[in-house]
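Enquirer: One structure is given below, represented as structure tokens, and several questions about it will come after.
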Amino acid sequence: MEPPDGVRIKKSTGKMQIATPGDVSYLGYIRTIVADLARQMGFSESEVAKIEMAVDEACSNVLEHAYAHDKQWLWQHREPEMRLEIRTEDGRLVVEINDHGERFDLDRYQPPPLEDRLEKMASGGYGLHIMRRFMDEVHYSSDPQTGNTLRLVKYLKKS
């Protein structure tokens, strides 16, 4: 698949780096790349769908929250950009999503009770729950020099 305009890709053995403008129009491309790599690694179609959904939620959250127009995000002098590093190592798929948007305090975040949200048929607010449910590891870090990084890991379980 040919990358859309504005996308930079760097490939090496077992690793792919993708940089996209911070715009929702690139989410479909990111989903396709992640799903293809997960399939190549040997994940089942149901696991591929979960990985794809978790990465899509993570990237959507970056665009919706980290780069929100009313936020003071790092490096405001640059255009919003997402950088992904997708790699396979030791029987696991690792997806790191990096941005220079506003920092998110994952340790202090208390998501609204899922049952209440479902009962009210509320939209939004499910992203972190989906990521934690569908991935084996979810880690977030923020650094003034390198920006924010969300690390999602999925282990390939042998049947």
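Read-outs throughout are calculated quantities, based only on the coordinates presented, and are distinct from any laboratory measurement. Model, not experiment: these values are computed from the prediction. Here Cβ is always computed from backbone atoms with ideal geometry, including for glycine, and neighbour counts include all displayed protein chains.
Enquirer: Suppose R0 equals 25 Å; then what is the FRET efficiency for Glu137 and Glu79 from their Cβ-Cβ distance, rounded to the nearest 0.05?
Expert: Step by step, r from the Cβ atoms, then E = 0.25.
Enquirer: For the residues Ile9, Ile33, Ile97, what sequence is obtained by ranking on other C-beta atoms within 10 Å, fewest first?
Expert: With the sparsest Cβ surroundings first, the list reads Ile9, Ile33, Ile97.
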